[in-house]
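The values are calculated or read from the model by the stated rules, or taken from the named source; none is laboratory data. All values reported here derive from a predicted model rather than from experimental measurement. Cβ placement follows ideal geometry from the backbone for every residue including glycine, while neighbour counts extend to all protein chains displayed. In case anyone asks, the SASA skips ligands and DNA or RNA and just uses the protein heavy atoms, side chains included. Shrake-Rupley method; radii C 1.70, N 1.55, O 1.52, S 1.80 Å.
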Amino acid sequence: YEGAPVFAELLVLRLLECRGWKGVWVSSYAGLKFLKEMPDSATLASGRVEIPDLRREMIHTIARSAGKHGGCFDVFAWREDQIVFCETKRRGHDRLRPTQLRWIEAALAEGHADHLLIVEWSFA
């Protein structure tokens, strides 16, 4: 994006930010991590950010309803009172997993899903 390598999740986040959304890339590997930049190692230590308490509690509420943090959406964005959850999938290599379907159901059940977006991507 703009000459820099990014994962698909960060590209989606950048495109949302261009439209006035605030948000993060969410990694649920070994606990929830919120990122805004490309990590420089597998630990995802760099690029981590904090999110507003209200937004963090929303994620934890959905996790409790879904039964775990695994399956959390790739991108979590907000603009005023609107929320968008986005899942990225590589065309022909990836599909929604049962844990992700549970997250979608939990977000809907908790009333936290204004917009659910699934982005299918491929290499150009």
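What number of residues within region 93-112 are part of a helix (DSSP H, G or I) and not hydrophobic (A, V, I, L, M, F, W, C)? Spell out how you get there, then give the answer.
First, pick out the residues of region 93-112 that are part of a helix (DSSP H, G or I): 98-109.
Checking which are not hydrophobic (A, V, I, L, M, F, W, C) leaves us with 98-100, 102, 105.
The number of residues fulfilling the criteria is 5.
Can you say whether Glu2 is modelled with pLDDT of 90 or more and either outside any strand (DSSP E or B) or under 17 Å from Ile104 (Cβ atoms) (or both), as far as the supplied structure shows?
On the way: modelled with pLDDT of 90 or more: no; either outside any strand (DSSP E or B) or under 17 Å from Ile104 (Cβ atoms) (or both): yes.
Considered against the rule, which asks whether it is modelled with pLDDT of 90 or more and either outside any strand (DSSP E or B) or under 17 Å from Ile104 (Cβ atoms) (or both), Glu2 comes out as no.
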Worksheet, complete the sentence: How many residues of region 81-109 are touching a Gly at 6+ places or on another chain (Cβ under 8 Å) and either under 24 Å from Glu17 (Cα atoms) or polar (S, T, N, Q) (or both)? The answer is 4
Worksheet item: Of these, Glu57, Glu17, which one is modelled with pLDDT of 90 or more, open to solvent by 30 Å² or more (accessible area, probe 1.4 Å) and in contact with a strand residue (DSSP E or B) (Cβ under 8 Å, 6 or more places away or on another chain)?
Response: Glu17
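Taking region 41-93, which residues are among the β-branched types (Val, Ile, Thr) and out of contact with any helix residue (DSSP H, G or I) (no Cβ under 6 Å at 6 or more places or on another chain)? Working first, answer last.
At the first step, the residues of region 41-93 found to be among the β-branched types (Val, Ile, Thr) are 43, 49, 51, 59, 61-62, 75, 83-84, 88.
Within region 41-93, Thr43, Val49, Ile51, Ile59, Thr61, Ile83, Val84 qualify.
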